[in-house]
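Notes follow the structure.
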Amino acid sequence: MTTAVQIPVDPLATLANTETQRLAARMAQDAFAAAFRMAVSPDGEAGELGELAGRCYNWSQAGADEEARALRLALLVAGLDAWGLAYTQAFHLNAIPALTALIGGLRTRLDATADARFLQQFSTLADNEFAAVDFKVELRRSIHLALWHAMAACETAEQAEGLVRPLGSLLLGLNEQMPELGWRLIADALASIQISLLADPAASARAQEGTQQLFAALRHALPGERYQAILAHSGQAVVAWQQARRARDAEGRIDA
């Protein structure tokens with residue numbers, strides 16, 4: 001029954017279409033990666049941070065009108081916030097100074113009126129789980145996969161378990177914070193993880209073990225009906241990926 005529920009219309013779609021939302025998620029990921037690198041290698045940080053903030057701000061100002069520009073900036077900041085929260089929790093960091101400086105640098109460019117518009121859009125993103133849904137799907141998928149890949153690269157079982165726990169907590173948090181959409185984001189994460197394993201037959205034993213632990217933790221923590229709905233939804237995505245890959249392989253054999 002849960003899988004039959006249709007996602008309501010995105011109230012922000014008229015200000016940022018699907019491609020714009022997905023691009024915002026990718027830009028937030030790239031900007032966070034750059035800020036994170038600066039945190040561990042701070043040489044030249046101030047100049048690089050200024051250039052990074054400038055690129056992000058210029059993209060936000062390419063929106064069609066004032067509301068669209070405010071939304072673009074809100075998407076970037078929300079994405080940076082989400083990446084920062086995930087990494088500080090997963091890697092037990094007190095803070096990521098370069099990230100804090102980057103977000104501050106974006107906000108200080110706004111006058112009082114523009115800042116008020118930004119805050120309104122940022123609040124809509126937080127309060128309405130269906131606002132900018134394509135952005136949220138793209139953003140969360142990238143975060144979850146990044147943590148999963150970090151887990152898969154761990155050298156010891158203890159290290160891997162140390163990342164499985166925060167990844168599971170992030171997923172369970174989505175289920176609590178987004179009563180209607182959260183389970184879909186969990187399903188998307190599980191499908192992406194399974195596809196990553198299927199795409200790499202030589203995936204490490206650590207990756208497989210960690211994935212099994214993650215599934216087991218979610219099965220234990222989630223209500224049975226919700227967990228089954230998640231499995232069904234993720235399973236459909238995995239099957240669709242397998243069918244598409246077989247079709248591509250068949251076309252390749254014919255062309256050869």
Checklist entry - Assigning unit charges at the beta carbon (Lys, Arg +1; Asp, Glu -1) and nothing else, what dipole magnitude in debye, to the nearest 20, does the chain show about its Cα centre? => result 380
Checklist entry - Just the Cα atoms of the range 130-255: what Rg and Dmax do they give in Å? => result 15.3, 49
Checklist outcome for this item: Mean accessible area per residue over the chain (1.4 angstrom probe, all protein chains present, square angstrom) is 51
Checklist entry - In terms of the Cα gyration tensor, with a ≥ b ≥ c the square roots of its eigenvalues, is the range 1-129 rounded because a/c is under 1.5, prolate because a/b exceeds b/c, or oblate? => result oblate
Checklist entry - Asp127 versus Gln61, label points 7 Å from Cα toward the beta carbon: distance in nm? => result 2.9
Checklist entry - Per the 1.4 Å probe, what fraction of the accessible area of the chain, in percent, lies on carbon and sulfur atoms? => result 53
Item to check | Positive-end residue of Leu125, Leu76, Leu197, charge dipole of the chain with Cβ unit charges | outcome: Leu197
Checklist entry - When ranked by the protection proxy of mean other Cβ atoms within 10 Å per residue, highest first, what sequence do the peptides 183-192, 127-136 form? => result 183-192, 127-136
Next on the checklist: Using alpha carbons only, how many angstrom separate the centre of the range 43-90 from the centre of the range 188-256?
Outcome noted: 31
Checklist entry - Quick one: putting +1 on the C-beta of Lys and Arg, -1 on the C-beta of Asp and Glu, what dipole do you get for the range 130-255 around its Cα centre, in Debye to the nearest 20? => result 180
Checklist entry - Can you give the convex hull volume of the alpha carbon atoms of the chain per residue, in Å³? => result 163
Checklist entry - Can you tell which of Ala157, Leu23, Gln236 lies farthest toward the positive end of the dipole of the chain, using +1 and -1 charges on the Cβ of basic and acidic side chains (Lys, Arg; Asp, Glu)? => result Gln236
Checklist outcome for this item: Treating only Lys and Arg (+1) and Asp and Glu (-1) as charged, each at its beta carbon, one finds that the range 14-127 has a dipole about its Cα centre, in Debye to the nearest 20, of 140
Checklist entry - What angle do you read, to the nearest 10 degrees and between 0 and 90, between the alpha-carbon axis of helix 133-152 and the longest principal axis of the chain? => result 60
Checklist outcome for this item: In degrees, nearest 10, the alpha-carbon axis of helix 97-107 is tilted away from the dominant principal axis of the alpha carbons of the chain by 60
Checklist entry - Taking the inverse of the average 1/r across all pairs of different Cα atoms in the range 61-172, what Kirkwood radius in Å do you get? => result 15.5
Checklist outcome for this item: Residue separation between Ala95 and Arg109 times 0.36 nm, minus their alpha-carbon distance, gives in nm 2.8 nm
Next on the checklist: Given the -39500 (n - 2.57) contribution per DSSP H run of 4+ residues, what per-residue ellipticity at 222 nm results for the chain, rounded to the nearest 500 deg cm²/dmol?
Outcome noted: -26500 deg cm²/dmol
Checklist entry - Nearest 10 degrees, 0 to 90: what angle lies between the long axis of helix 157-177 and the longest principal axis of the chain (Cα atoms)? => result 70
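The values are calculated or read from the model by the stated rules, or taken from the named source; none is laboratory data. Treat the numbers as computed from the prediction; the structure is a model and nothing was measured. All Cβ positions, glycine included, derive from the backbone under ideal geometry; neighbour counts span all protein chains shown. Keep in mind that these areas ignore ligands, DNA and RNA; they rest on the heavy atoms of the full protein, side chains included. Shrake-Rupley method; radii C 1.70, N 1.55, O 1.52, S 1.80 Å.
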